[in-house]
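Enquirer: I have a structure here, written as structure tokens, and I will follow up with some questions on it.
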Amino acid sequence: MSVAYKDYYKLLGVDRVASAEGLSKAFKTLARKYHPDLHPGDKKSEEKFKEINEAYEVLKDPEKRRMYDQLGPNWQHGQQFRGEPGFENAHFTFGGKHYDGTGFSDFFETLFGGSAQGGQSARETNFGQGTFGGFSAKARRGRDVEAEIHLSLEDVQRGGKRAVTLRVASGKRTLEVNVPPGIHDGAKLRLAGQGDPAPGGTPGDLFLRVRYLPHSDFKTDGENLSCDLRLAPWEAALGARVPVPTLEGSVELVIPPGSSSGRKFRLRGKGLGSETKRGDLLVRIMVVVPATPTDEDRELWRKLADASLFSART
């Protein structure tokens with residue numbers, strides 16, 4: 001049987017004196033590039049992978065490599081090869097399993113035989129779970145990336161889709177993120193497959209850590225919000241109806257007469273969270289006096305002080 005010579009060293013891109021480590025490194029690089037599971041339906045990649053798998057199966061084994069090297073000087077000229085005595089009945093086991101030659105070339109069959117049963121071809125190797133040619137076939141995964149997304153409290157409560165622009169090595173990248181209403185400060189949003197890529201593998205994930213922007217009116221305590229409400233002395237003493245800010249706009253709060261600084265009022269369901277579980281807004285009264293009263297203000301305060309029986313320290 002006359003078959004075409006295959007230069008296994010050339011297929012792997014190595015010298016004939018390449019070490020076992022050099023062979024392994026060359027094979028791994030090419031396997032990541034051409035494995036059919038990474039190129040579904042690409043016949044050229046499948047054939048290329050079969051060739052490099054066949055080459056490595058031979059050259060990684062010292063005995064098979066010795067037999068292959070015995071072809072002599074004609075290996076350089078791509079001559080036709082006719083099996084020599086002693087080769088016709090040889091066959092070997094690869095990776096602990098007998099190969100019947102399925103997926104291997106006629107040249108391989110001529111050198112090492114093809115009568116064994118129960119083998120598996122290179123294409124049948126499971127790239128995601130098994131191994132091929134001694135190389136771990138688990139697909140490489142890119143590095144996970146973490147970044148921060150800064151949101152106002154209004155945006156946190158509204159939730160919904162947000163456009164996020166990130167600075168990456170290649171420039172800027174804008175992604176659309178779905179923010180759950182009321183998400184907690186410090187929580188992470190996972191964007192699958194948006195992390196660093198991996199050559200011949202799958203990208204990692206992008207994790208966006210939520211950070212609340214400072215708010216001019218509110219402080220946060222989990223799902224609850226708090227704010228201070230400034231009142232004039234007469235509003236605190238006589239009672240009043242005063243507008244109070246919320247994340248959805250102002251609401252009117254009724255201040256009972258005789259309300260002192262530090263007294264708190266709870267507006268239920270005006271904090272952060274989902275519609276079914278939302279925190280409260282705690283409003284603290286702060287009675288303030290004018291820092292620079294007019295002469296008329298001072299006269300009125302004096303009259304009140306002389307007429308009032310109230311003592312703040314008894």
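Enquirer: Is it the case that some residue within the stretch 266-287 is under 17 Å from N224 (Cα atoms), at pLDDT below 95 and not in a loop (DSSP other than H, G, I, E, B)?
Expert: yes
Enquirer: Mind counting the residues in the stretch 267-314 that are among the charged types (D, E, K, R) and surrounded by 12 or more Cβ atoms within 10 Å (Cβ to Cβ)? Even if it seems obvious, please write down each step before you answer.
Expert: Kept after step one, since they are among the charged types (D, E, K, R), are these residues of the stretch 267-314: 268, 270, 275, 277-278, 280, 284, 295-299, 302-303, 306, 313.
Applying the additional criterion that residues be surrounded by 12 or more Cβ atoms within 10 Å (Cβ to Cβ) yields 270, 278, 280, 284, 297.
Going through the stretch 267-314 one residue at a time, the tally reaches 5.
Enquirer: Can R162 be described as at pLDDT below 90, surrounded by 12 or more Cβ atoms within 10 Å (Cβ to Cβ) and in a strand (DSSP E or B)? Walk me through it before giving the result.
Expert: Values: at pLDDT below 90: yes; surrounded by 12 or more Cβ atoms within 10 Å (Cβ to Cβ): yes; in a strand (DSSP E or B): yes.
Against the criterion (at pLDDT below 90, surrounded by 12 or more Cβ atoms within 10 Å (Cβ to Cβ) and in a strand (DSSP E or B)), R162 qualifies.
Enquirer: Now for a different question. Taking the stretch 26-67, which residues are of a type in the set (V, I, T) and closer than 12 Å to Y8 by Cβ? Spell out how you get there, then give the answer.
Expert: Narrowing the stretch 26-67 to residues of a type in the set (V, I, T): 29, 52, 58.
Matches in the stretch 26-67: I52, V58.
Enquirer: Here is a check on your reading of the model: is S152 assigned by TED's automatic domain parsing to the domain that holds E252, hydroxyl-bearing (S, T, Y) and farther than 30 Å from P40 by Cα?
Expert: Criteria not met by S152.
Enquirer: I would also like to ask the following. Do we have Y9 as out of contact with any Pro (no Cβ under 9 Å at 6 or more places or on another chain), hydroxyl-bearing (S, T, Y), at pLDDT below 85 and crowded, with 16+ Cβ neighbours inside 10 Å here?
Expert: Numbers: out of contact with any Pro (no Cβ under 9 Å at 6 or more places or on another chain): yes; hydroxyl-bearing (S, T, Y): yes; at pLDDT below 85: no; crowded, with 16+ Cβ neighbours inside 10 Å: yes.
Here the answer is no, as Y9 does not meet what is asked.
Enquirer: Just wondering, is there one or more residues in the stretch 173-184 that are surrounded by 11 or more Cβ atoms within 10 Å (Cβ to Cβ), farther than 30 Å from F310 by Cα and at pLDDT 95 or above?
Expert: The initial filter retains those residues of the stretch 173-184 that are surrounded by 11 or more Cβ atoms within 10 Å (Cβ to Cβ), namely 173, 175, 177, 179-184.
Remaining after also requiring farther than 30 Å from F310 by Cα: 173, 175, 177, 179-184.
This time we only want the ones that are at pLDDT 95 or above, so: none.
Scanning the stretch 173-184, I find no residue that is surrounded by 11 or more Cβ atoms within 10 Å (Cβ to Cβ), farther than 30 Å from F310 by Cα and at pLDDT 95 or above, so the answer is no.
Enquirer: Within the stretch 262-287, how many residues turn out to be in contact (Cβ under 8 Å) with a residue 40 or more places away in the chain and closer than 29 Å to L151 by Cα?
Expert: First, pick out the residues of the stretch 262-287 that are in contact (Cβ under 8 Å) with a residue 40 or more places away in the chain: 270-275, 277-287.
Of the ones still in play, those that are also closer than 29 Å to L151 by Cα are 270-275, 277-286.
Matching residues across the stretch 262-287 total 16.
Enquirer: What number of residues within the stretch 19-33 satisfy the criterion of being modelled with pLDDT of 85 or more and either among the β-branched types (V, I, T) or in contact with a Lys or Arg (Cβ under 9 Å, 6 or more places away or on another chain) (or both)?
Expert: Number of matching residues: 7.
Enquirer: Inside the stretch 5-55, can you point out the residues that are assigned to a helix (DSSP H, G or I), over 24 Å from R66 (Cα atoms) and touching a residue at least 24 places away in the same chain (Cβ under 8 Å)?
Expert: If the condition is that a residue be assigned to a helix (DSSP H, G or I), over 24 Å from R66 (Cα atoms) and touching a residue at least 24 places away in the same chain (Cβ under 8 Å), then R32, K33, P36, D37, L38, E46 are the ones that fit.
The values are calculated or read from the model by the stated rules, or taken from the named source; none is laboratory data. Owing to the predicted nature of the structure, the values given are computational and were not obtained by experimental measurement. FYI the Cβ positions are ideal-geometry reconstructions off the backbone, even for glycines, and counts take in every protein chain you see.
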